[in-house]
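A short worksheet on the structure shown next.
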Amino acid sequence: MKMITAIVNKKDAGEVCDALAEEKFTFTKMATTGGFLKSGNVTLLIGTDDDKVDRALDLIKKHCAKRMEPMPAMVSAGVPTLGYYKTEVLVGGATVFVSAVERFEKM
Ligand code: 2BA
């Protein structure tokens, strides 16, 4: 058995959780905070059989891949709410650890 610890962007958490649940993975979702940026992210603890690890990682990759997304940004130029233009920001990405589970019990 393995424990997958996946730290994902808050924006992607809903989709990846739905995909994991749909494929009957058992997991715990925790609201966490990145130590560097100190902004919220989501950590998933996924305990699973060795032969299902790759499938879980595929789902995480599919729903949490880094990508550029359009975001409206305010043009100020010293004048409040002069207007908006579209820019792109990098979102998503996941940091994943896979660890061996020495013992697993439910009591
Ligand atoms: P990522 O490397 O993609 O990491 C995203 C979040 O994943 C991190 O949030 C942290 O919560 C978790 N994480 C990443 N590596 C980890 C590890 N080895 N152990 C435990 N948790 C880990 P933040 O700490 O807020 O970092 C956000 C982003 O800032 C990082 O994105 C990285 O691009 C950058 N960063 C982090 N630490 C840095 C540092 N010391 N110097 C420069 N940039 C840093």
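Nearest 20 debye, what's the magnitude of the dipole of the chain about its Cα centre given +1 on Lys and Arg Cβ and -1 on Asp and Glu Cβ?
Using Cβ point charges on Lys, Arg, Asp and Glu, the chain gives about 340 debye.
Relative to the longest principal axis of the chain, what angle (0 to 90°, nearest 10) does the C-alpha long axis of helix 10-22 take?
Roughly 30 degrees, rounded to the nearest 10.
How large is the helix-only mean residue ellipticity at 222 nm for the chain, computed as the sum of -39500 (n - 2.57) over DSSP H runs with n ≥ 4, divided by its residue count, in deg cm²/dmol to the nearest 500?
The per-residue figure over the chain is -7500 deg cm²/dmol.
Based on other C-beta atoms within 10 Å, arrange Arg103, Arg67 from fewest to most. Provide the component values of the computation, followed by the final result.
Values: Arg103 5, Arg67 11.
Exposure proxy ranking, most exposed first: Arg103, Arg67.
Please compute P(r) over all alpha-carbon pairs of the chain, binned at 10 Å starting from zero, and give each bin as a whole-number percent.
13, 38, 25, 13, 7, 3, 0
Just so you know, all these numbers are worked out from the coordinates, no wet-lab data involved. Fair warning: this is a prediction, and the values are worked out from it, not measured in the lab. Here Cβ is always computed from backbone atoms with ideal geometry, including for glycine, and neighbour counts include all displayed protein chains.
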